[in-house]
Amino acid sequence: MISNHYVHTFQNRDGASGDTIVEALIANSSTFGKKTVFSQEKYKLKKQKKYAPKVLLRRPSTRSICETYFKKSPARTGFMRVDALSLLLSMANVGPYSDVLVVDMVGGLVVGAVAERLGGTGYVCSTYLGSAPSSIDIIRMYNLSSDMTSRIVQAPLGDLCSLQNSFNASSVLKDSIQAEGPEPNTVPVENTEPSIPQPVDTTVLDEKAQSSEVQPTNIDISEPTMDEQINQDDNSSLDCKGNDVSSIASKSLRAGKAPSPEKMKYWNEHGFSSLIVAAPGHEVESFVADLLPLLSYSAPFAIYHQYLQPLAACMHSLQVSKTAIGLQISEPWLREYQVLPSRTHPHMQMNAFGGYILSGIRIHNGDACNGIQ
Amino acid sequence: MISNHYVHTFQNRDGASGDTIVEALIANSSTFGKKTVFSQEKYKLKKQKKYAPKVLLRRPSTRSICETYFKKSPARTGFMRVDALSLLLSMANVGPYSDVLVVDMVGGLVVGAVAERLGGTGYVCSTYLGSAPSSIDIIRMYNLSSDMTSRIVQAPLGDLCSLQNSFNASSVLKDSIQAEGPEPNTVPVENTEPSIPQPVDTTVLDEKAQSSEVQPTNIDISEPTMDEQINQDDNSSLDCKGNDVSSIASKSLRAGKAPSPEKMKYWNEHGFSSLIVAAPGHEVESFVADLLPLLSYSAPFAIYHQYLQPLAACMHSLQVSKTAIGLQISEPWLREYQVLPSRTHPHMQMNAFGGYILSGIRIHNGDACNGIQ
Amino acid sequence: MLKMQLPTLGCYFCVFAKLTKGSAMCANLSFNTRITIPAASAAAEMMVPLDPSAKPTSQRRIAEGDNVVVYERHDAMRAVAVRAGGVLQNRFGVFRHDDWLGRPFGCKVYSTGGGGGGGRGGGKAGAGFVHLLAPTPELWTLVLSHRTQILYIADISLVVSYLELVPGCVVFESGTGSGSLTTSLARAVAPHGRVCTFDFHEQRATSAREDFERNGLSSLITVAVRDIQSEGFPEEQRGAADAVFLDLPQPWLAIPSAGITLKQDGVLCSFSPCIEQVQRACEAMRSCFTDIRTFEILLRTYEVREGALKGAADDEECNAGPLPHREENYCLLRKLQMVYIILLLSWLGLAAPLKGTPAT
Amino acid sequence: MLKMQLPTLGCYFCVFAKLTKGSAMCANLSFNTRITIPAASAAAEMMVPLDPSAKPTSQRRIAEGDNVVVYERHDAMRAVAVRAGGVLQNRFGVFRHDDWLGRPFGCKVYSTGGGGGGGRGGGKAGAGFVHLLAPTPELWTLVLSHRTQILYIADISLVVSYLELVPGCVVFESGTGSGSLTTSLARAVAPHGRVCTFDFHEQRATSAREDFERNGLSSLITVAVRDIQSEGFPEEQRGAADAVFLDLPQPWLAIPSAGITLKQDGVLCSFSPCIEQVQRACEAMRSCFTDIRTFEILLRTYEVREGALKGAADDEECNAGPLPHREENYCLLRKLQMVYIILLLSWLGLAAPLKGTPAT
């Protein structure tokens, strides 16, 4: 069977053409030969409509994954548009050898984007409150090598805070969460229940998008489904170079492990390089009060929210506490244009929800600058 | 002397050319004849720069007055941009024979704009809290005939509320303000102290604007100043047709009188046709709770504020009280473009402060629809 | 009986310009170009009152022949002409016009039972209600029949301001389209001004004329069938207009004629969705217009909902000890949860239908 | 020692496109096009760490030769190279570099007295302070020397995302300009990728090279003097680039060469302020690029201030009786007054300097 799942793997290769896929599907269809010529043509057209030329498969990137979720199931990723995600990565200075602390309640979109930028160096430490981590299964949409995936670790906020033997005795998390098991389970990404909780029917959206216009950068984000017309479990005719099935499976094994005690100790002493929070629907002020002491001094941070008000509250409390400078709330505004001879005009579709970002830099707020630690 | 004040009167005529003014200025200059040719030329250039061709005098309109204040002294008019003012007028359905209730804490910009739209029909009733009305002296910038000016009345909110023998016993104003004198003084518009309270130096701004680019729609909003070079008080050579000095002076006598008892009684029984509130820097929620019962049922209202939050609070309280429907907060966004061959691009200057508008329609919130009054 | 439709294209550019060298001969055909106003039919509710008695007030009651806007919710309204024995059926039930007579505008009326059937969210019997509103140009824009793309309130209000329309002005428009702007132009120039609107499409002109008649605007608006791009405005209207509004695919073709039709110092507006149209229109204006300015206006709308944000600590099972720092956070948290969430709805003010049904 | 300057032109358009028919012969000159990385000079703070030890942490102390960003306030920052005996003088006073050595990045340092003189708002003696920050590409954008119009964070972040840059990529840029984008490109492709940037202006290229050297980026960035519009990218770089960025007055002239320089599936971006440039660039791209998309990105920034709104009742002399309705309003009013005012600062994030001085 060539399920959508395997078609996904093509995305890991540069420029696998839709026609190739349609040919592969036909070659592997057990029923194609039995169809009438008319039915054969109809089948081909149907598959062509699905995979070529309207879907031009590409190596997935942060850009295309973010755009696709924003178009098809925006509530899942907190209505985070690609310009907002791009800003988060810039504002948090994500680059090689960064140790980025992330709160990702947008399904893994941010964790995956950071891991892509790290390119197998540094760490992205996904932290969470309570006993169970939020789902980060969108990371399997990314083109992450096993090396890159191994840089994704998960740790409950309580563990990070309790290890911190700092002068900042503010967090109650030490008292409340320390009792829990310090080793969170590795997220079994591949086996997680499909978690698209909002009422958006992605299939319907998908078809609508395809029929209305050519969407060359579409990625099918629906879960693998059985294709009634293709029953052979044989993908030998497909030359899967690059990241193959096993490398995808390996992601589930490596992503989201607990960080080693050595790493925890290192971060405790040196601090994280930067922080990104994407917890739409959550109050962020107290969250950030707990997270900020985990950063190294001079580390930038960027907090995304769908609403302005929670960020304003957070910004005000940071202004008062004098733990950060360069505070600013930004609202990105992105507009696509149609540029065609005599028909150039702006589009308005993508502007409604852009979200807001609070950014700043952690500072040492004491005056005794020399004597820390 | 031909002061700026008299130059202002040219604005009441259609298309008085700047050259005409410069010639008039030269003809009336006591010192021009004594200057050297070089000085004469310099004087002429200086005056030309001031009045022609960079300032092309026009009949003033809401549009040009609002644009000018926004450019030169935006704090005075609550950072109200022309698109916001235009929306207020539309959303409040300002048209002939309307009786528009207005709270104008933007210097008279809104009162003048409503009076212009009424064209000598209906009434604009400018209301206020406390004993002294806010200044509305910007109305003298408008091209209002004495007929139009006579349609501007002022009444303290307490008087309007106390006369209202309605079923809505909510307002405390009846108790608190009734004791005050019911007849407010006519605003002596022409004699009012120039009230440009913010630290913006309008003269400097003016010069900067003129030197940087051609501003054909500039209106000089600075108060009349002495021109050292022109000392003759003789404007006989200037043919002042249309609205002349006396008609301007008459504005001060007619604008802002108290409404007649008959009018007050009529509004009490019939309600105002619509409401506009422009009280930036003020909390509007309780204001609107007092104002809304003064409107007729089905009357639209529009409330301007520089900030989003006070309007959100107001909207929420209206949602809860079920006294209005069609509630919506709008934020206009206006951008000017430079359109020149091969150099077409958007400007960004005017977008920073646009303000927000809460609009809605007053309804009868009781179920016993038949039995009112 | 029309429901609101969503716009398909959101962004337009407005180019405004003032006439410099106009038709000097006709410059005195001025403000006073009135036309005789036929008496408005007594029964009809007039959207723009032509005399003080016509305006809706708290004492004016709904009468037969009146137009009312039936408000179901923010994004569901329709215009209804009240007639004896008339019936309105929607998902909230059946409403008898007879029940509406004598009630004030702005009142709430209930259905008489018998649910609307189709609407899955509607009430079934007796409990449904709607509000009856007096029509305004703004409401009309939301309920009119879309025969073409229409202008919405942000564009309309800006156009009226920049055209510097005041009562008594004469304004020319082409094309008429669905009459969305025309209605607002009429309000701005009433009671003694005039709107002359032209559309090349005969059926469209007829429908618009019927709409204006229905709203009591016939005395203010003249609708003519004419292809302004190829024929220009009528020669006999030379210098008659205080303002001209063009919403045409090739506005540059009509600009010379607009220049002839305008009074000196009159204002022209050309309204286009595409930048190339703007570029060509500006080019065409440069010969005899001044103060050419191009704008784009958008409207962002916000919805307010009372909502609670999940607190960071809500995910925890056990409650933390009341350390001072945390205490403060809890306190702030609680305050936040009471405060409204301001939700960005859309850039157009019309998209994004609200969830949930208000009635039953 | 550079201060931030305000942008004069805010809006740009980004046109992105993917190569379809590329230089097929060179398609395997791929990701692995590394260059040998010279050892970074030990003393210099590297803006983009090329090994784990180079990143600033809470334990890394400021040392001689480090670059620090001196933060006075939101809109007043400058880059300073720390040297023994060095002195920084600003309106807050005199700061000795020697006092900075051994302190962590992010610390607050005080002036040693002797006010800055000119600044009217500054402190006079001893009380002034600044913060010393580790440089990042974002901070660099705010302190660099403006030799040309520069790209700001919103444009930069979008460009990096749409160019789909990941560590190891090779990216070509023309022109180099002030190096604002170049620095962010270098971070995105580090540690093993490469940025090849070209500017026709020799002095500008030299200055940029010096800046990159100073920030420890020389091993990632190659600066060359070349007029890409007339000469194109070097022939020998055929198919070498994963991405090409053009910020040129006539980008269409360089687009064929960009097509040759890109790998198959590589991404091109053309960045222009004028719509005509966008139109011509798109036209030029259509022959061998696909997925041509044009964007405009703006950034609106908000400032939060604690402020009280005047209550409607504040104007009254006497206090009203505590009727339930009014009571409620007072209560709400008081709540509002405690809540912060969110102030829209600007659309660019850089204009509108804040009032007041933070120090002394």
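Under 5 Å from the amide H of B:Ser274 lie the amide H atoms of B:Asp99, B:Leu101, each residue being 5 or more positions distant or on a separate chain, with H modelled from the backbone and absent for Pro and chain starts. Computed from phi, the 3J(HN,Hα) profile of the stretch B:337-346 under the Karplus parametrisation 6.51, -1.76, 1.60 (θ = phi - 60°) reads 10, 8, 10, 9, x, 6, 9, 7, 7, x Hz, with x in place of Gly and Pro. Each other copy holds its own label point for A:Glu269; taking that point as 7 Å from Cα along Cα to Cβ, the gaps run 8.9 nm, nearest first. When C:Pro234 is represented by a point 7 angstrom out along its Cα-to-C-beta vector, the spacings to that point in the other copies are 7.4 nm, nearest first. With R₀ set to 35 Å, the beta-carbon distance separating C:Glu283 from A:His347 gives a calculated FRET efficiency near 0.90. The mean number of partner chain beta-carbon atoms within 10 angstrom of a residue's beta-carbon across peptide D:99-107 is 6. Neighbouring Cβ atoms from other chains, within 10 Å of the Cβ of residues in A:311-323, number 4 on average. In this simple spin-label model, placing a label point 7 Å from the Cα along the Cα-to-Cβ direction at both A:Ser131 and B:Ala132 gives a separation of 6.7 nm.
Listed here are the pairs A:Lys265/A:Lys322; B:Lys322/C:Lys108; B:Lys263/C:Lys55; A:Lys265/D:Lys55; which of them are more than 22 Å apart at the Cα? Violating the 22 Å Cα-Cα cut-off are A:Lys265/A:Lys322. Placing pseudo-labels 7 Å out from each Cα toward the beta carbon at C:Asp291 and D:His146 gives an inter-label distance of 3.2 nm. Per residue of peptide C:269-276, the mean number of Cβ atoms on other chains within 10 Å of the residue Cβ is 5. Ranked from shortest, the separations from the 7 Å Cα-to-Cβ label point of D:Thr206 to its equivalents in the other copies are 7.9 nm. Among the listed pairs A:Lys72/D:Lys18; A:Lys72/A:Lys257; B:Lys72/C:Lys263, those with a Cα-Cα distance over 26 Å are A:Lys72/A:Lys257; B:Lys72/C:Lys263.
Among chain D residues, the one whose Cβ is nearest the axis of the rotation from D to C, given with its distance rounded to whole Å, is D:Ile275, 3. The B:Glu269 and A:Leu340 beta-carbon pair, evaluated with R₀ = 41 Å, returns a calculated FRET efficiency of approximately 0.10.
For the stretch C:264-281, 3J(HN,Hα) computed residue by residue from phi via the Karplus equation (6.51, -1.76, 1.60; θ = phi - 60°) reads 4, 6, x, 10, 10, 10, 10, 10, 9, x, 10, 5, 5, 5, 5, 4, 5, 5 Hz, glycine and proline entered as x.
Between D:Ser53 and D:Glu236, the modelled labels are 3.4 nm apart [label points 7 Å from Cα along Cα→Cβ]. What the phi angles of the stretch D:153-163 give under the Karplus curve with 6.51, -1.76 and 1.60, with θ = phi - 60°, is a coupling list of 4, 5, 5, 4, 5, 5, 4, 4, 5, 6, 6 Hz, glycine and proline written as x.
Ordering C:Thr301, D:Thr290, C:Thr183 by the number of other Cβ atoms within 10 Å of each residue's own Cβ, fewest first, gives D:Thr290, C:Thr301, C:Thr183. Between the amide H of A:Ala324 and those of A:Ile363, distances stay under 5 Å, these residues lying 5 or more places away or on another chain, with hydrogens modeled in the peptide plane. Could you let me know the centre-to-centre spacing of the stretch A:80-141 and the stretch C:198-272, using Cα atoms, in angstrom? The stretch A:80-141 and the stretch C:198-272 have Cα centres separated by 57 Å.
Readers should treat all values here as calculations from the given coordinates under stated rules, not as data from a laboratory. Worth saying up front: this structure is predicted, and the values here are computed from it rather than measured. Methodologically, a virtual Cβ is constructed for each residue, glycine included, from the backbone with ideal geometry; neighbour enumeration extends over all protein chains shown.
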